[in-house]
1. Give me the residue from the range 1-27 that is within 17 Å of residue 70 (Cβ to Cβ) and free of Cβ contacts under 8 Å to residues at least 12 places away in the same chain and, out of that set, nearest to the chain's Cα centre (by Cα).
2. Quick one: in the range 58-82, of everything that is surrounded by 13 or more Cβ atoms within 10 Å (Cβ to Cβ) and touching a residue at least 60 places away in the same chain (Cβ under 8 Å), which residue is farthest from residue 17 (Cα to Cα)?
3. State all residues of the range 115-138 that are in a helix (DSSP H, G or I) and touching a residue at least 40 places away in the same chain (Cβ under 8 Å); if no residue qualifies, say none.
4. Going residue by residue through the range 28-41, is there one that turns out to be farther than 30 Å from residue 77 by Cβ and touching a residue at least 60 places away in the same chain (Cβ under 8 Å)?
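Here, each number is a calculation from the coordinates, and none is a lab measurement. In this text the structure is predicted, and so the values were computed from the model without any measurement. Neighbour counts run over all protein chains shown; Cβ positions are idealised from the backbone, glycine included.
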């Protein structure tokens, strides 16, 4: 995570320092990574056009983005901050170019969580070829329906709740 944030900060810095005539600035502007004032905007998925569109959220200025990234980098040095950071599946070059990752932050680190949520859906992640969104904790309606259809939610599982203890049956010579 430290390496990812360091690369993100370096690349964002190059974009911010570029001149309006530079190819890097022009490409960043054309791809919707930045606005003309070099602030980083937020995207949302538009299902009708099947593209990312600019969100109504207030863009993050270049100076504020630099502060956020520096603060995150300082926090990531703490080894207890990141609980889990791993790929959810192995990359497959023939089938997909996208590999989802899960980043789990310690619940006691309010500021790190707050910063990451502020940067969710922001174009800053595009400088490293990524996107970031908050993981939804609720089970999807389709998963719930499938669970109901397979009957896996009927009754209590082993070890759940207080039930009658099972009677031990004795077998063998001394059984009465």
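1. So, considering only residues that are within 17 Å of residue 70 (Cβ to Cβ) and free of Cβ contacts under 8 Å to residues at least 12 places away in the same chain, the one nearest to the chain's Cα centre (by Cα) is 3.
2. 82
3. Hits for the range 115-138 are 115, 116, 118, 119, 123, 124, 125, 126, 127, 128.
4. Yes, the range 28-41 contains a residue that is farther than 30 Å from residue 77 by Cβ and touching a residue at least 60 places away in the same chain (Cβ under 8 Å).
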